[in-house]
Each structure stands twice: as structure tokens, then as C-alpha cells.
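Reviewing the structure listed below.
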Amino acid sequence: MLIFGKILQKMLKLVAQSPITRLKLNKPIAMNMNRILLVVVFFSLYFIEANTQSCTPASADRCEDSNVLCSLDEVNGYTCQNVDYSNPTACVGGGTDCPNGVPNNSSWWAFVTEGGIASISLTISNCSIGFGVQIGIVGACDCSEQVACNSSCSSGGTIGISGFLLPCKTYYLWIDGCNQDVCSFSLSSNTGKAPKLSDFTLSRTNLNPICKGCCADFKVTPQAGGCLPNYVWTIDGSEMTTTSREQANLCFPDAGTFTVCVQAVIGNPESGSICDEKTKCMSVTVTKKQDEIAKPLLLCENQLPFMWHCQTITAPGIYRCTFKQNGCCEFDSVIQVDVININNGPQVYFIGCPGEVYKDTITNLLYPNCENNKEIFLSKNLNSKGCDSSYFLSTYYPKFSTIFEVICDSVLSISANIQDIASDCGLPTQINYSLHWYKKDKINDTLGTDEMITVSDTGEYCIDLKLNMKIGTTTKTCIFTSCKNTNIRTDSASNIQGPKQSQNNKMDIYTYYNGGFIDPKYKWRIEGGNIESASNTRPVDTLKVKWNSTDTVGKICITFSTQCNQIEEYCQIVKLKKNTATYDDSNDKAFEILPNPNQGSFTVNTTNSSQIRGIKIYNSNGASMKFTVNDLNSKTKEIKLSEKQTGIYYLQLNTSQGIIHKKIMITN
């Protein structure tokens, strides 16, 4: 603005002295203002244009945009002035190597030389406000290579700077107005020719082709005389890097054929101000490394999903992932994946005859019960492939019971009631059976194939139940054998059940099982005791005996007969031990049953110091009954029968006084 003000004053003075102006001074100023302004603008544009033309090449606001003077000869006689607006870009002050001073309105030029010691003189004049200018030279636009600096502000006269310069290298000259001063100046320097590039060759370290994703080093032969130009490296015309070094590392992320060029430049390639340049190119082939085939992968179904590098495997197929060799060379690894399906395991059917149990040969586990399509898991045992496997197992174990009945109705007959008591657990089973009767000592003589046969004499008769069975795809034949002895004499010895040792005054119960004979007749005889009661309820017959108080041996005998046969009397010896403390006194007040009669629940109260050590309850047939005992206190026990049929029951108390029996009446 100061410059513009001075220019405007000069222009007004010229206008006032102009003949055109003098002729019209006698007219009002307002009438001539438009003409005056036109004249002022005209002369202002003329002055500015004339001033700009004397500054060639023009200065730049930024170092990177500087126009390049191609030799120091071009510096001589260069006349210009710094800019008249704020542009604080000079390498002065702050963190630069020229610390004294502050950038204000800076102007930039660039130049190259043949190298050596160079000096530049600056003659300053016509400063607008009298503070002057400062000057410096750097070798890089980031102010990192300070060559020379004169930060002392000078508004008149001549100041100089000097430094050692490399040949062909671009250097940057800045001139800055102190406190925004604008000064005219002219430059002069020791003379020097413009540097020229020598021919060079372009080469690379790696042979074709370059692997996709990798980088390669490219280089050029150095310039003669230490000339250090800028090198602009491009791939297919796209600039990759600009450097002052003779080599560059270029990377190729894609496959294809590319043209790599390097342009050696003396000057500023960024601003387009070039003093000399030479370009060399070469063709480069980039290919992806051949696929590598990985070893096929066999997966078990229960291993899915399976993570293989970059792929999540969920089904059989071909998968690929991209890898890098040596950190850059790309290649695909390809793998064939197969999956073993174990969901539809085989069906296994097993029929177990008596004594047979299915055993898994791998796990050695037994499956003795009926199974319906049970899935059996086998860990990592599918051949040699190491997969979990399974199969579906169905097992069936036939089981039958045979109840014989010997019938004596003028003739001796044997009836077999065959009952299927096996669990088929819902399996669709097919069963056919046949019967074969025979006498045990004549196994090959078939006596019949029906469920009942008539025999001519007593003895042991057997029946074979032959079963032909099928489940699924498996068939099997099993034979079940049952026998019945119709000879009562040989059968009876083990049929009397009851204690073979007892005590004096004790009451015992004896039972005889007649083996299924119809309308038997019994005759009991007791030695050393008395029969208290007897029951002839078929098929179980019970006798209650109270042994004498003095005998040491007792005997219980029975005679059994039917219409078809009769046995001689059979006796069982009972050893008696004297126990004066054992007695049966239902009226003994030391142990009270309340209430009596009852409906199956009652209490036993001890009225003296006796202790109850054990309790048993029998029905009138001598069968032991189930019950629960609740100790209300040390002398009272609450008893509840599990079965509550009406009748007479016998309570046996094992006490500190001996064995005591009590009668109980159960009513509705």
C-alpha cells in the first residue's frame, strides 16, 4: 500500500503537469474527476507493467515454484523488487540455520551453477519505508540445507553472500523485506557457464520378471564432474519419486508390463523451469508367483467350521489364500479340502440269546439292555483318518418265563404257561416260536409240541422253546429250556422252608411249597413242640409251631399226597437252644400295643427298663410283612404297616428280656 501511495502521488503530479489537465483547470474538479481517474489508472498500469517487465524471470511466493536461472551469468544485471504483500516464507528466524530475523514479504528465485565457490552481490535502492531487505541461499525448500545467509536488514548500498555450490544442483535464493519493506535491487555474481548433462544409462538390480508385490532397485550411471541433477522416476508416466540420488527403489503392487523412466533434470522440475534434461526408459515385466499346491486336507464333519489361513472352511471344495514370500512376493496357496460325513452312521442290529451281551469292539463297552436306534459315538476311530464316528445300535434280548402246573385228574398232565417278559423298547420285532417236550433222560424223544402234555409216569420233563426272531436286517434263533420234576419224593426235601435252629418257647413259622400240584393233601407232625395254627391255602401252606421249653431238638414232619402219587413222611430237624428269657405272653404288660385292634398304625410302649432291639411282623401265613418304624422317644415306637389287609398279625420283639411275641388285630 505504501508503494501504491507513492506511485499515486507521482501519477497525480504528472497529471497536474499534463497539458490536458492544465487546459481544464478552470473547470470544476468534479467535472474532470472521471478523466483524472482514467489518466491515473492508465499511468498506474503503465508503471506497474514497466516495473514487472524489468523483473524477468519473475519471483515466486514459494520456494517450490521458483523460476530457475540456468547459470550465474543470468544473475548479473538481474533487477527486481520484493513483493509488497505479506508472504512470510523466507528461511530466516524460527528453527532455521539463519536464526536472526523474521520473514515478512518474501520473494524466491532458483539457479544452478557448474559448482565451486560462488558469490552474489545485492545492490539495494528505493526502499518504501527504509527498513531494507535481507538475503539467503538454501539447497532445499524445507530450509534444511543452509548455504549462505545475511539477515541484517539493509536499505541501501551493496551487500553480498557466498558459499560452496555443487555442480548441477538447484539452489534457492530468497530476498525478504524487513518489517514488510519493499525495495528495488539488482543482482551480480561471478560468472559461470550453464551446466550440461552427460549421457547416462539406466539399469536395475533384479532380472525380469519382478514378482508381484515386490520392489526393485533402479539406478543410473553418475554424471561427469560430480554434476548432481534431480532425478524424476516414473512408472507408466506416473511420478513415483524425485530425488538427487542416482538410484530409486520402485514397487509393483500389480502384475503386468510397465515402462519405468528416469528423467535427469537440471533445474526445478516442480515449477517446470528446466535448464537441461535427459530421459531414459526400460520395460519391466511383473508377474504373480505360480500357485503352490498345498497337501490335501481331510476334515471331520465335527471339525467344521475350520479356519485355514484366510479362509473359513464350511464344506468340501478348493480354497486359496494369498501369501507373501520374503515379505513381498505374492503367490496363492491352493488346497483341496474333503469332509468326512459321519451324520448317517451305519445301522447295527443285535439279538442276544441267554448269556450273550453286545460288546462294542472299539470302546469295549457292554450294552446289556434293549436299545432302539441308539447312536454310539466313537472318538477318532474312523479307519485311519482320525475322525469321530458313530453308528446306530438296536439290541433285543428275548426273555421268557415258564410256569408249570402239574395236573392230577385220573391221569398226570403237565401244563406250561409261557410268558414273554422281555422289553422290546419299541423295536419292530418279528418272532415265531415252536415247542418241544421231552423227558430229561430221553432228550431225542419228542413227547409233544403243545403247551400241555400227558405223561405216563413221574420224572423230570423239559420243554424247549425255540424262537426265530428278526429285527431290522438281523435274524437269529434262540432256545429257552425249562424243566419240571413231577416226582414229589425227590422234590419234597427242599420244599419245607423255615428256621433249622431256634430257641425254647419260641414260635416259628414253616411253609411248604407243593410245586403246583392240584388238590394236595397235607399231614403235619411235630416233635418237641406244638402246632399253633396251620393253613392249607394253595399253593403256599403254612404251619406255626411253638417249641417246648425243655427240649434241645425238635422235629417238623409232613406227608403229602395227590390223586396221582404220594410221598412218605419227610422230616426236618430243628436244633433248640434253651432261653428262659424267651417267652410269648400277649398279656405281658411290659410291652403295650395301642390301639389293638387297629387299622395298620399303632404304637409299642415299653413300661419298664427293657429295650427293644429289633422288630418283625408276620401275617397268619407266616409271611414277613413290610412296615416303617418311627422312634417317638426311647420307650415309644410308632409302627405303620405297608399292607393293611384285615386279619391276625404277629409282632416279634427282640428285647433285652428275650424274644417276645404279640398278636395284632387289623380291621377296616
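Below is a table of values for the structure above.
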| quantity | calculated |
| --- | --- |
| Output for segment 616-668, where each listed residue is of a type in the set (D, E, K, R), farther than 20 Å from residue 595 by Cβ and in contact with a strand residue (DSSP E or B) (Cβ under 7 Å, 6 or more places away or on another chain) | 616 |
| Residue list for segment 164-215, restricted to those being surrounded by fewer than 17 Cβ atoms within 10 Å (Cβ to Cβ) and among the aromatic types (Phe, Trp, Tyr) | 164 |
| Lone unmet requirement of (1) more than 59 Å from the chain's Cα centre (by Cα); (2) surrounded by 16 or more Cβ atoms within 10 Å (Cβ to Cβ) for residue 226 | (2) |
| Filter result (over 22 Å from residue 273 (Cα atoms) and open to solvent by less than 40 Å² (accessible area, probe 1.4 Å)) within segment 136-155 | 148, 150, 151, 154 |
| Spans of strands (runs of 3 or more DSSP E) in segment 269-366 with at least 2 residues open to solvent by less than 50 Å² (accessible area, probe 1.4 Å) | 273-287, 297-300, 317-325, 329-340, 347-351 |
| Segment 622-655: number of residues that are in a loop (DSSP other than H, G, I, E, B), open to solvent by less than 60 Å² (accessible area, probe 1.4 Å) and of a type outside the set (A, V, I, L, M, F, W, C) | 1 |
| Selection count where residues are more than 27 Å from residue 561 (Cα to Cα) and part of a loop (DSSP other than H, G, I, E, B), scope segment 440-490 | 8 |
| Members of segment 361-375 found to be over 18 Å from residue 470 (Cβ atoms) and touching a residue at least 24 places away in the same chain (Cβ under 8 Å), listed by number | 367, 368, 369, 375 |
| Subset of segment 239-268 [open to solvent by less than 50 Å² (accessible area, probe 1.4 Å), assigned to a loop (DSSP other than H, G, I, E, B) and hydrophobic (A, V, I, L, M, F, W, C)] | 252 |
| Any hit, segment 410-426, residues being of a type outside the set (Val, Ile, Thr), outside any strand (DSSP E or B), without any contact (Cβ under 8 Å) to a residue 24 or more places away in the chain and over 29 Å from residue 474 (Cα atoms) | no |
| So residue 603, is it in a loop (DSSP other than H, G, I, E, B), polar (S, T, N, Q) and either open to solvent by less than 80 Å² (accessible area, probe 1.4 Å) or at pLDDT below 90 (or both) | no |
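Conditions (1) touching a Ser or Thr at 6+ places or on another chain (Cβ under 8 Å); (2) farther than 21 Å from residue 460 by Cα; (3) at pLDDT below 70, marked per residue:
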position: 475; (1), (2), (3): no, yes, no
position: 478; (1), (2), (3): no, yes, no
position: 497; (1), (2), (3): yes, yes, no
position: 502; (1), (2), (3): no, yes, no
position: 520; (1), (2), (3): yes, no, no
position: 542; (1), (2), (3): yes, yes, no
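Each row is one residue, and each column tells you yes or no for (1) within 30 Å of residue 299 (Cα to Cα); (2) touching a Pro at 6+ places or on another chain (Cβ under 8 Å).
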{"position": "394", "(1), (2)": "yes, no"}
{"position": "406", "(1), (2)": "no, no"}
{"position": "422", "(1), (2)": "no, yes"}
{"position": "447", "(1), (2)": "no, no"}
{"position": "460", "(1), (2)": "no, no"}
{"position": "474", "(1), (2)": "no, no"}
{"position": "483", "(1), (2)": "no, no"}
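The values are calculated or read from the model by the stated rules, or taken from the named source; none is laboratory data. The structure displayed is predicted, hence computed values, not measured ones. Because the Cβ atoms are built from the backbone with ideal geometry, glycine has one as well, and the counts that use them run over all protein chains shown. These area figures cover heavy atoms from the full protein model, side chains too; ligands, DNA and RNA do not enter into them. Shrake-Rupley method; radii C 1.70, N 1.55, O 1.52, S 1.80 Å.
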